[in-house]
Amino acid sequence: EEMKTYLKGKSTKAECKNGWVDVGWLNKSKHNHVLETGNRAYQREKVANLIWQQALICTLLGIDSVAQIPEIHIRVLPSGHYELVDGQQRVTTITSFLANEFSLPKDLTGRWATYSGMSYKQIRLSGDAGEEICDKIAKTYISCKWYINLSDLQVAHLFINILNNTNDLKPQE
């Protein structure tokens with residue numbers, strides 16, 4: 001996969017690579033504890049409510065044909081693990097939907113009306129079209145910045161000064 005070329009480099013310098021990551025990899029990596037999504041130091045906003053989460057999944061499904069999931073930022077750790085630096089709520093919303101923790105909104109219209117109020121599992125079990133939708137979700141790519149060989153201090157600077165533009169996070173955090 002294209003993304004793996006960014007992750008297997010032998011470079012020792014700090015760098016940022018543009019790339020993509022698919023939803024299936026995010027979900028598998030989170031559940032296999034390879035991708036850390038819960039570092040509260042990188043959480044800058046209040047927890048998203050259900051309406052926001054449902055809207056994000058509608059975006060992922062392409063119900064809004066113009067919008068896309070915004071770019072996420074992942075730190076590649078020397079251990080072979082990854083740390084989500086920016087995009088925690090987006091990624092955990094997606095993985096929570098895939099884990100059947102919430103359903104689509106009940107007021108979908110048009111070709112999506114059939115799936116109104118359904119969970120991921122219910123969509124998958126609804127027939128061939130539902131299975132296709134679920135497979136499409138796993139193969140959906142999200143734009144990503146991959147940060148390779150960054151120190152904790154560099155990540156703190158990145159989050160404080162670039163991604164978050166606040167100063168309440170200390171480098172040791």
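Compute the Kirkwood hydrodynamic radius of region 40-115, taking the inverse of the mean of 1/r over all pairs of distinct Cα atoms, and give it in Å to one decimal.
13.9
Leaving ligands and nucleic acids out of the surface, order C16, C58 by accessible area at 1.4 Å, largest first.
In descending accessible area the options line up as C16, C58.
Using a 1.4 Å probe on the protein heavy atoms, what percent of the accessible area of region 101-162 belongs to carbon and sulfur?
52
Using a 1.4 angstrom probe with every protein chain in place, what is the largest-first accessible-area order of D107, D135?
Result, largest first: D107, D135.
Past the 24 Å Cα-Cα mark, which pairs from K28/K139; K30/K136; K30/K106; K28/K145; K30/K121?
Check vs 24 Å cut-off fails for K30/K106.
Mind grabbing the accessible area of H157 for me, 1.4 Å probe, Å², rounded to tens?
For H157, the solvent-accessible surface is approximately 100 Å².
Would you list D128, D152 from the most to the least accessible area, probe 1.4 Å?
D128, D152
So between T109 and E15, what do we pick up on full extension, going 0.36 nm a residue minus the alpha carbon distance?
29.4 nm
Along Cα→Cβ, 7 Å out, is where each label goes; now give me the distance between the ones at Y141 and A99 in nm to one decimal.
It is 2.8 nm.
What figure, in Å² to the nearest 10, do you get for the accessible area of T12 with a 1.4 Å probe and non-protein molecules left out?
It works out to around 130 Å².
The values are calculated or read from the model by the stated rules, or taken from the named source; none is laboratory data. This structure is a prediction, so every number in the text was calculated from the model and none was measured. Methodologically, a virtual Cβ is constructed for each residue, glycine included, from the backbone with ideal geometry; neighbour enumeration extends over all protein chains shown. Each accessible area value is taken on the protein alone, full model and side chains, heavy atoms only, with ligands, DNA and RNA left out. Shrake-Rupley method; radii C 1.70, N 1.55, O 1.52, S 1.80 Å.
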